[in-house]
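The values are calculated or read from the model by the stated rules, or taken from the named source; none is laboratory data. Bear in mind that the values here come from a model prediction, so they are computed numbers and not experimental data. All Cβ positions, glycine included, derive from the backbone under ideal geometry; neighbour counts span all protein chains shown. Just so you know, the surface numbers come from the protein's heavy atoms only, side chains and all, with ligands and any DNA or RNA stripped out. Shrake-Rupley method; radii C 1.70, N 1.55, O 1.52, S 1.80 Å.
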Amino acid sequence: MLFDTHCHLDDERLNGDEAAVLKKAEEFGVITMVTIGTDEKTSAAAAEIAARHPGKIYHTVGAHPSDVDRFGETELAEIEKLAGETKPKAIGEIGLDYYHDSNRQKQVVVFERMITLAKELSLPLVIHDRDAHEDIYRVLAAKATGLKILMHCYSAGAEFVDRFKELGCVFSIAGPVTFKNGQSLRDAVSKIPLDRLVVETDSPYLTPEPKRGKRNEPAYVKYTAEKVAEVKGISFEELADKTTQNAKKFFNI
Ligand code: NI
């Protein structure tokens with residue numbers, strides 16, 4: 001049994017096809033998933049999807065760093081309201097994205113405000129970190145003590161594993177671990193303790209091999225899990241069991 005810790009089931013590439021996507025996930029052994037909010041609209045949509053599938057799909061409420069230029073007080077207040085009212089399993093995705101060109105200062109302000117929200121609600125964090133590892137580390141070390149933290153689509157390489165481990169982070173591994181050019185991620189996976197590992201699709205993005213080029217969906221977390229098991233030198237069954245247990249513990253399921 002597998003647990004996809006990060007998917008975007010509200011995305012138009014998946015949401016017209018919900019029954020088929022879930023049936024295929026089940027055929028691939030993917031029983032539980034967390035659908036992720038990135039703003040006030042997708043967080044509301046994620047909550048509705050989770051409400052239709054209790055015990056199978058859970059959701060988060062978040063404010064994605066790439067969207068900060070669009071976030072005013074109204075949008076942020078709406079996100080806070082959804083977080084308080086829809087019983088999400090975490091606040092996220094939140095964080096910093098220095099790859100896309102949006103206001104970095106404002107990203108930090110929104111990120112810190114979302115950490116405060118998580119503290120008020122005693123919820124874990126799902127972190128988006130793209131080319132911003134040092135600043136992510138700095139903000140988390142300063143503001144997120146006492147909170148559970150999941151590094152979504154971990155990409156900071158082996159050299160950051162120890163530092164994020166010190167903060168108590170869980171590391172979520174996505175499709176790039178299967179890519180030909182994914183060696184630095186595979187090196188990181190070798191360093192991450194088994195009790196801190198989970199897997200995700202980030203579907204509809206980041207489709208793993210051998211499906212690369214097609215739409216991603218939760219079923220395909222199986223390919224990522226197979227590669228992670230190979231890197232860790234353990235059986236697929238053991239990897240599936242451990243990562244599912246870790247995910248359940250992290251999200252309080
Ligand atoms: Ni995502």
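For the set Glu226, Glu112, the ranking by accessible area, highest first and with no ligand, DNA or RNA atoms included, is Glu226, Glu112 under a 1.4 Å probe. In plain terms, if you count all Cα to Cα distances in segment 196-253 and split them into 10 Å steps from zero, the share in each step is 24, 48, 27, 1 percent. Sorting 215-225, 120-130 by average packing, meaning the other beta carbons within 10 Å per residue, from highest down gives 215-225, 120-130. In this simple spin-label model, placing a label point 7 Å from the Cα along the Cα-to-Cβ direction at both Arg13 and Arg52 gives a separation of 2.0 nm. From the alpha carbon centroid of segment 71-118 to that of segment 143-204 is 21 Å. Surface composition of the chain: carbon and sulfur atoms hold 48% of the protein heavy-atom accessible area at a 1.4 Å probe. Over the residues of the chain, the helix contribution to mean residue ellipticity at 222 nm works out to -13500 deg cm²/dmol, using -39500 (n - 2.57) for each DSSP H run of at least 4.
Computed from the C-beta positions of Glu238 and Arg212 and an R0 of 30 Å, the FRET efficiency is 0.70 to the nearest 0.05. If the segment from Thr116 to Leu167 were pulled out straight at 0.36 nm per residue, it would be longer than the present Cα-Cα gap by 16.7 nm. The packing ranking, built from the mean of other Cβ atoms within 10 Å per residue, places the peptides 96-106, 188-198 in the order 188-198, 96-106, highest first. Each peptide in 174-183, 144-153, 38-47 was scored by the mean count of other Cβ atoms within 10 Å over its residues; highest first, the order is 38-47, 144-153, 174-183. With the Kirkwood sum run over all distinct C-alpha pairs, the chain has a hydrodynamic radius of 17.8 Å.
Between segment 1-66 and segment 206-238, the C-alpha centres lie 18 angstrom from each other.
With a cut-off of 8 Å between alpha carbons and a minimum separation of six or more residues, what is the relative contact order of segment 2-250 in percent?
20
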